[in-house]
Amino acid sequence: MHIISPNFKEMGEPNIEIKAFPDGDGYIRIPKITDAAGEEVFLFQRLYPNQNTSILNTILILDVLRRVGAKTTLVVPYLPYSRQDKLFLEGEALSAQIICDLFANAGVNKLITLDCHFMKKEGEKSYSKLNILNISANKLLIEHARSKFGDSNFEIISPDQGANYLVSGYGGKSMAKVRGDYSDGKEVHREVGSLQRQFDVTDKNILVLDDMISTGGTMIKAVENLRRGGAKKIICAATHGFFLKDSLEKLNLISDSVFTTNSILNSVSEVDITNLLKKHCEI
Ligand code: R5P
């Protein structure tokens, strides 16, 4: 068994060279490639930020591994492009499937990831050509929240039905979210249209749990709704934290605490997922 970790320092110092030619084309080299020949290889790779370059470099790395007969498991804590698994408008690209097929065609035997948007539950399944193991970080996030709530009881909710699998095993409930149409302009974005709640939160402490906080629109609307409903202490947590624009500042103002895992590195990535990933890799 051999581990390759270009940018996943928790798994050890990078043992691969990733550079660029003067014109920007990517260059990769695995100096000790003979160690991987014919072996079971775990390639730990953060694909965000700079997802486009990172994905391409990963394809190059995978090809080198395939040529020496390695059996590669690709471990990516966050899988970019996983949000477009459905077509909304005619002529769109089904990017989630395209990226997965790229990895499968490049020789990935299995992809291990965390709270993958289109999987909607834990477990292993084939998505298009790729065999994926989706692991949830919900238990780690809930344990961390418990340390913040101290002795106080709290309820767990998700801001939409898609994230219900994160909370349902803990007696949690979900809000109902409806997104609007795509906004105009260069950026492709669908604002949260409405977010509704069918349960009482008066005087309750609440952990709001989601798979990701991206622009923060969902989490901000959820916290506002809970405040209006009379919730006491509100903590926001997600597996993946992008915190685009000024969403972290906004969430810090309206909630009692915000944190994520370190699947994406940010200033509140308080929950370490290294051991969780290692456990599922059996290393
Ligand atoms: C969506 O369905 C996801 O579970 C998240 O709620 C969403 O992607 C978060 O995005 P944003 O922070 O931009 O609202």
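List of remarks:
- Condition broken by A222, with the remaining ones in (1) crowded, with 23+ Cβ neighbours inside 10 Å; (2) in contact with a helix residue (DSSP H, G or I) (Cβ under 8 Å, 6 or more places away or on another chain) satisfied: (2)
- Flag if I98 is outside any loop (DSSP other than H, G, I, E, B), surrounded by fewer than 22 Cβ atoms within 10 Å (Cβ to Cβ) and in contact with a helix residue (DSSP H, G or I) (Cβ under 7 Å, 6 or more places away or on another chain): no
- Residue under evaluation K110, criteria (1) modelled with pLDDT of 95 or more; (2) surrounded by fewer than 16 Cβ atoms within 10 Å (Cβ to Cβ); (3) not aliphatic (A, V, I, L, M), criterion not met: (2)
Yes or no, residue by residue, for (1) in contact with a helix residue (DSSP H, G or I) (Cβ under 6 Å, 6 or more places away or on another chain); (2) modelled with pLDDT under 95; (3) assigned to a loop (DSSP other than H, G, I, E, B):
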site	(1), (2), (3)
P49	no, no, yes
T53	no, no, no
T58	no, no, no
Y81	yes, no, yes
A93	no, no, yes
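- Within the stretch 132-146, residues that are modelled with pLDDT of 95 or more reach partners that are part of a helix (DSSP H, G or I) with beta carbons closer than 6 Å, at six or more positions or on different chains, in the pairs I135/H280; N138/L166.
- Filtered residues of the stretch 62-82 (kept if of a type outside the set (F, W, Y) and at positive phi): G69
- Check on E17, among the acidic types (D, E), surrounded by fewer than 16 Cβ atoms within 10 Å (Cβ to Cβ), touching a residue at least 24 places away in the same chain (Cβ under 8 Å) and under 28 Å from S269 (Cβ atoms): no
- Boolean, N57 is crowded, with 19+ Cβ neighbours inside 10 Å, farther than 23 Å from H280 by Cβ and among the polar types (S, T, N, Q): yes
- Residue in the stretch 227-250 that is within 16 Å of the ligand (Cβ to nearest atom), assigned to a helix (DSSP H, G or I) and touching a strand residue (DSSP E or B) at 6+ places or on another chain (Cβ under 8 Å) present: yes
The values are calculated or read from the model by the stated rules, or taken from the named source; none is laboratory data. Remember, predicted model here, so these are calculated numbers, not experimental data. Reconstructed Cβ throughout: ideal geometry from the backbone, glycine too, with neighbour counts over all protein chains shown.
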